[in-house]
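To start, the structure under review is shown below, and the notes come after it.
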Amino acid sequence: MLRIFLALIIFFSSISAHPVIFKNGKVFWITQNPNFNDIRFGISKTSDWLIGGRILEDRKSNETFALINNNFLAKRWNKSNSQANLYLLSSVGLNTDNSKGMSTLGIHADWENRQFMVMEMVEYFSHSSALVSNTRFAYSPYKVDYSRMSTWLIAQYRIEYKDEEYSYMFIPVVRFFKGNYLFELGSNGDDTFASFMTHF
Amino acid sequence: MKKYLLFLLFISFGFSQSKVTIQDKEVNISENEAIVEVLGMVCSMCAFGIGEGFSKTDFIDKTKFKDGVSVDIDAQYVQLGLLESSNVNPEKIVQVIEDAGYDVNSLFILQNNKLIKFSADKLGILQPMAYKDTSNDNHFQMN
């Protein structure tokens with residue numbers, strides 16, 4: 001029963017900013033973090049379901065995976081000047097070298113208004129049996145209308161549980177977005193983070 | 001005298017305008033326009049999705065605003081230019097907002113000198129709530 005439940009979640013679910021966008025909207029997304037290089041393309045078939053392709057490279061093990069990813073918006077709370085979301089995330093596919101199966105499974109929750117944002121995402125990676133938690137607290141020092149560039153200062157805290165050991169990482173990130181383009185850069189001296197996303 | 005008559009003619013037939021209040025902000029609405037108060041619209045990417053949605057409809061006057069749509073994130077509303085002959089169905093406007101992932105709190109449509117306010121009832125269904133004849137400034141409460 002548990003396997004069926006997990007399989008269903010995998011089928012109906014990925015990772016980070018807004019994992020599902022407007023109906024028939026397309027998203028291109030590229031991310032580099034200390035663990036992964038991640039390239040995605042997806043289309044929101046509805047306002048609560050996005051399906052797409054993903055190339056994921058594990059920078060530590062040098063493995064590359066070709067994946068289909070599903071993001072499902074389980075619940076959205078639209079309020080005056082704020083929004084909260086709960087997403088189910090998954091990817092399923094193959095290792096490009098040996099065709100061995102690989103999947104990811106995750107849950108993402110966020111709340112934001114025009115100046116503050118809180119996000120928590122937990123994701124499981126089957127190829128490394130790693131459970132990864134990413135927590136973000138973000139603040140925008142000024143409000144802008146949608147024709148001008150918005151800036152966010154983000155504190156990102158990452159915890160990874162793998163091989164019965166925990167590892168921790170803190171990265172300050174700065175996010176810029178204008179119109180349908182989003183760009184993020186982060187560094188803690190040892191590790192760097194970069195991300196670019198566009199909707200069209 | 002001629003100028004005076006022309007002015008009277010202008011305000012009688014050619015010009016219909018009113019004001020609506022969205023989040024304590026007074027917004028001008030003109031003939032063949034709609035104003036939608038949107039819940040959850042907190043970022044520019046939200047606004048982009050809404051603009052994309054309306055660009056694919058057949059009732060938007062793309063000569064008004066930017067391709068027929070103006071977004072005010074501060075006051076959380078979207079202003080639409082409507083084609084004169086469209087007699088737009090409010091449900092179509094709500095559908096575009098919901099397909100973008102947001103909810104409508106209230107909707108104002110000014111066409112044929114009639115300003116109608118729609119609001120969601122307890123079941124979340126949009127209902128006409130108030131009516132104003134902009135040609136003589138008469139107000140009617142509908143619900």
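Filter segment A:72-85 down to the residues that are within 7 Å of chain B (Cβ to nearest Cβ) and surrounded by fewer than 22 Cβ atoms within 10 Å (Cβ to Cβ), then identify the one that is nearest to A:Glu123 (Cα to Cα). Before the answer, list the steps.
Pass one, segment A:72-85, residues within 7 Å of chain B (Cβ to nearest Cβ): A:76, A:78-83.
Now drop any that are not surrounded by fewer than 22 Cβ atoms within 10 Å (Cβ to Cβ), which leaves A:76, A:78-82.
Values: A:Arg76: 20, A:Asn78: 25, A:Lys79: 27, A:Ser80: 30, A:Asn81: 29, A:Ser82: 25 Å.
It comes out as A:Arg76.
Of everything in segment B:60-93, what is surrounded by fewer than 20 Cβ atoms within 10 Å (Cβ to Cβ), farther than 11 Å from B:Met41 by Cα and among the hydrophobic types (A, V, I, L, M, F, W, C)? Give them in sequence order.
The answer is B:Phe65, B:Leu83, B:Val88.
Would you check which residues across segment A:148-161 are among the hydroxyl-bearing types (Ser, Thr, Tyr) and more than 8 Å from chain B (Cβ to nearest Cβ) and list them?
Initial filter on segment A:148-161 (among the hydroxyl-bearing types (Ser, Thr, Tyr)): A:150-151, A:157, A:161.
Selection gives A:Thr151, A:Tyr157, A:Tyr161.
Taking strands (runs of 3 or more DSSP E) that do not extend beyond segment B:29-132, which have at least 1 residues that are away from every other protein chain (no Cβ under 11 Å) and of a type in the set (Asp, Glu)?
Numbers: elements: B:33-39, B:69-72, B:77-81, B:103-111, B:114-120.
Answer list for segment B:29-132: B:33-39.
For segment A:44-71, give me the residue count where each residue is within 13 Å of chain B (Cβ to nearest Cβ) and part of a strand (DSSP E or B). I'd like the intermediate steps shown before the answer.
Start the filter on segment A:44-71 by keeping residues that are within 13 Å of chain B (Cβ to nearest Cβ), which leaves A:44-50, A:71.
Narrowing further to those that are part of a strand (DSSP E or B): A:44-46, A:49-50, A:71.
So the answer is 6.
Kindly indicate whether any position in segment A:123-138 is within 14 Å of chain B (Cβ to nearest Cβ), closer than 20 Å to B:Met41 by Cα and at pLDDT below 95. Give the steps one after another, and end with the answer.
Restricting attention to segment A:123-138, the residues satisfying the condition of being within 14 Å of chain B (Cβ to nearest Cβ) are A:138.
Those left that are additionally closer than 20 Å to B:Met41 by Cα: A:138.
Restricting the remaining residues to those that are at pLDDT below 95 gives none.
Checked against the condition, which is being within 14 Å of chain B (Cβ to nearest Cβ), closer than 20 Å to B:Met41 by Cα and at pLDDT below 95, segment A:123-138 yields no hits at all.
Exactly one of (1) more than 30 Å from A:Lys45 (Cβ to Cβ); (2) more than 18 Å from the chain's Cα centre (by Cα) is unmet by A:Ser150. Its number?
That leaves (1) as the condition not met.
Quick one: how many residues across segment A:74-122 are modelled with pLDDT under 95, closer than 25 Å to A:Asp163 by Cβ and acidic (Asp, Glu)?
Summing the residues that are modelled with pLDDT under 95, closer than 25 Å to A:Asp163 by Cβ and acidic (Asp, Glu) in segment A:74-122 gives 1.
What pairs can you find where one residue is in segment B:27-40 and under 19 Å from B:Thr134 (Cβ atoms), the other is in a strand (DSSP E or B) and of a type in the set (D, E, K, R), and their Cβ atoms are less than 6 Å apart, with a gap of 6+ or different chains?
B:Asn28/B:Lys19
Exactly one condition in (1) loosely packed, with under 14 Cβ neighbours inside 10 Å; (2) in a strand (DSSP E or B) is not met by A:Leu88; state its number.
Every listed condition holds for A:Leu88 apart from (1).
The values are calculated or read from the model by the stated rules, or taken from the named source; none is laboratory data. Computed from a prediction, not measured in an experiment: that's the story for all the values here. Here Cβ is always computed from backbone atoms with ideal geometry, including for glycine, and neighbour counts include all displayed protein chains.
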